[in-house]
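The values are calculated or read from the model by the stated rules, or taken from the named source; none is laboratory data. If you're wondering where the values come from, they're calculated on a predicted model, not measured in any experiment. Don't worry about glycine lacking a Cβ; one is built from the backbone with ideal geometry, like all the others, and counts go over all protein chains shown.
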Amino acid sequence: VINGHKWFTSGAIGASVAIVMTVTDPEAQPHLRASMIIVPIDNPGLNIIRPVPVMGHTGGGGHCEIRYEDCRVPAANLLGPVGGGFMIAQARLGPGRIHHCMRAIGGAERALEMMCRRANGRIAFGEPLAKKQFVQDMVATSRMEIDQARLLCLYAAWKMDTVGKKEARQEISMIKVVAANVFMNVLDRAIQVHGALGVSDDTPLARMWRDGRMLRLADGPDEVHKQTIARRELARFAS
């Protein structure tokens, strides 16, 4: 029987099941307290309160507020062992973060393409925006940042494949921070080159910005990853 309140559940709209991570043994060691349980969306006691608007929009990932009120499911719905919730979550976080980064890099490529097409086609003061040095700087900086992020992403993925997720933790944290911020930087420049059109919903850029901003929070905020990176780096040179 599950009772609880989850304010922000991603992907709830359109899903057939929810994977609930809940405390099943509060007296156990911290990493053994929670379990994962599969709960059908139409299960009695699972109540979707509302979609949570994100920057004024309720579409996209279908983030919802959910209450579990005497929500009863069979023991067979337990995902993995009792107390294995943290272990399961950790097992997917490394690959999951790499997937986020790949999508961010792909989104940045799309934004750069749109920026270049807009710069080539938009005439201002008698010449294309592409002739302006400020715009050229935006294009060049975006190209360099994207390629740097791509190489770090490939390196992190290669290290994860060859020596395992645990040994690649530093690189995974680094690319998680880098890719999300590169995506936002390139999007911001693309919006700037598009002018008012860039902040409207007549192009994908505004939606991409809303969705992309989430990446600096998803699977660990930038600050947590930076703290982890710094601690490991400092430990290398501790006396």
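Is it the case that Gln90 is touching a residue at least 24 places away in the same chain (Cβ under 8 Å) and either within 30 Å of Gly195 (Cβ to Cβ) or in a helix (DSSP H, G or I) (or both)? The answer is no for Gln90. Of the helices (runs of 4 or more DSSP H) entirely within the stretch 161-233, those holding at least 1 residues that are closer than 22 Å to Ser10 by Cα and of a type in the set (Asp, Glu) occupy 205-213.
If you go through the stretch 138-173 and pick out every residue that is among the hydroxyl-bearing types (Ser, Thr, Tyr) and touching a helix residue (DSSP H, G or I) at 6+ places or on another chain (Cβ under 7 Å), you end up with 3. Looking only at residues in the stretch 4-14 that are surrounded by 15 or more Cβ atoms within 10 Å (Cβ to Cβ) and hydrophobic (A, V, I, L, M, F, W, C), the one that is nearest to the chain's Cα centre (by Cα) is Ala12. Residue check: is Met174 in contact with a Pro (Cβ under 8 Å, 6 or more places away or on another chain) and hydrophobic (A, V, I, L, M, F, W, C)? No, not satisfied. Taking the criterion of being in contact with a strand residue (DSSP E or B) (Cβ under 9 Å, 6 or more places away or on another chain), under 21 Å from Met214 (Cα atoms) and in contact (Cβ under 8 Å) with a residue 24 or more places away in the chain, the residues of the stretch 22-54 that qualify are Pro51, Val52.
Taking the listed residues Arg117, Arg169, Arg150, the one that is out of contact with any strand residue (DSSP E or B) (no Cβ under 6 Å at 6 or more places or on another chain) and in contact (Cβ under 8 Å) with a residue 60 or more places away in the chain is Arg169, with no other qualifying. Checked against the criterion of being over 30 Å from Gln170 (Cα atoms), surrounded by 15 or more Cβ atoms within 10 Å (Cβ to Cβ) and either assigned by TED's automatic domain parsing to the domain that holds Glu145 or free of Cβ contacts under 8 Å to residues at least 40 places away in the same chain (or both), the stretch 55-76 has no qualifying residue.
Considering the stretch 113-146, the residues that are within 24 Å of the chain's Cα centre (by Cα) and more than 16 Å from Val178 (Cβ to Cβ) include one that is surrounded by the most Cβ atoms within 10 Å (Cβ to Cβ), namely Met115.
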